[in-house]
Amino acid sequence: MSTALPVVRARWCDIGRIADLVAEALAPTAPAAWLVPDPSRRLPVLAAVARIWTEHALLFGDAFLLRDGSAATVWFHRYRPIPSPDRYADRLASAAGPDENRFRRLGEELAARRPVEPHNHLALLAAPRGGAVQALSASQRRMDTLSLPTYALPCAGEQEELLRRRLGYAERETFAAPDGTPVRSLWRSAPLPAGGNDRWRNRRAGRREHDDRAVGRAAR
């Protein structure tokens, strides 16, 4: 009997697809309306900004797609500090245009609230046409092999938060986003003994040369 999970690890050629899924999932939400007040610009701006962070995740984390490409998750491995995306200020200005400061304010607020202990960061869950349960549960199983807790911010409303709670997430804190919207951060304890973290660090060390090459390609 096959034990294959319904997700595949994303590749560089999948970045555009993931960015479009993220934009489509976030566009109807109140935070997206605050970030990009002009409805005619909302989808392309959200997709352009999501592309920056999805590229960054492929260098310093992981991204997964359902096999049919209908839903995705984007993760960062924060077992140590990671840099900002390459040329982030210039790229954000180009992507967001007149809404740049709103994205910057939100990013600064979220960064200030992020846990300092090593963790996996579920940055984005994008399932605009369904598939959120399969995408998150399968990618969570992959991430659980790393023996780290998970931090997440529900971005697409109550249903997304309820899904994460079903998978073992609990409320960490509630704070106000720059637009005044209450945001609940969630935390999921590490599923395996902490000793597994050493194995993860050793494994990542072997990938650093690959990551450095990828950074060089992205910069070019």
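The values are calculated or read from the model by the stated rules, or taken from the named source; none is laboratory data. Everything numeric here is computed off the predicted structure, so don't read it as measured data. Positions of Cβ are backbone-derived with ideal geometry, glycine not excepted, and every protein chain shown enters the neighbour counts.
Couple of notes before you dig in:
- Residue that is farthest from residue 36 (Cα to Cα), among those in segment 184-215 that are modelled with pLDDT of 85 or more and not charged (D, E, K, R): 191
- Taken together, the residues in segment 34-76 that are touching a Lys or Arg at 6+ places or on another chain (Cβ under 8 Å), closer than 15 Å to residue 104 by Cα and not aromatic (Phe, Trp, Tyr) amount to 3.
- Just one of the numbered conditions (1) assigned to a helix (DSSP H, G or I); (2) in contact with a Leu (Cβ under 8 Å, 6 or more places away or on another chain) is not true of residue 178: (1).
- Annotation note: of 147, 189, 185, the sole residue that is farther than 23 Å from residue 23 by Cβ, in contact with a helix residue (DSSP H, G or I) (Cβ under 8 Å, 6 or more places away or on another chain) and not aromatic (Phe, Trp, Tyr) is 147.
- Residue that is nearest to residue 151 (Cα to Cα), among those in segment 77-112 that are surrounded by 16 or more Cβ atoms within 10 Å (Cβ to Cβ) and basic (Lys, Arg): 78
- The one condition from (1) farther than 28 Å from residue 149 by Cβ; (2) without any contact (Cβ under 8 Å) to a residue 40 or more places away in the chain; (3) surrounded by 13 or more Cβ atoms within 10 Å (Cβ to Cβ) that residue 133 does not meet is (1).
- Candidate set from segment 33-60 (those that are in contact with a strand residue (DSSP E or B) (Cβ under 7 Å, 6 or more places away or on another chain) and closer than 11 Å to residue 10 by Cα); member that is surrounded by the fewest Cβ atoms within 10 Å (Cβ to Cβ): 57
- Within segment 1-30, residues that are under 13 Å from residue 70 (Cβ atoms) and at pLDDT 95 or above reach partners that are among the hydroxyl-bearing types (Ser, Thr, Tyr) and surrounded by 15 or more Cβ atoms within 10 Å (Cβ to Cβ) with beta carbons closer than 6 Å, at six or more positions or on different chains, in the pairs 7/139; 18/54.
- Selection within segment 61-74 - buried (at least 22 other Cβ atoms within 10 Å of the Cβ) and either of a type in the set (S, T, N, Q) or at pLDDT below 95 (or both): 73
- Some residue of segment 156-177 being under 15 Å from the mean Cα position of the chain (by Cα) and modelled with pLDDT of 95 or more: no
- Close Cβ contacts (under 6 Å, 6 or more residues apart or on different chains) running from residues in segment 160-175 that are under 19 Å from residue 139 (Cβ atoms) to residues that are assigned to a loop (DSSP other than H, G, I, E, B) comprise 160/154; 161/154.
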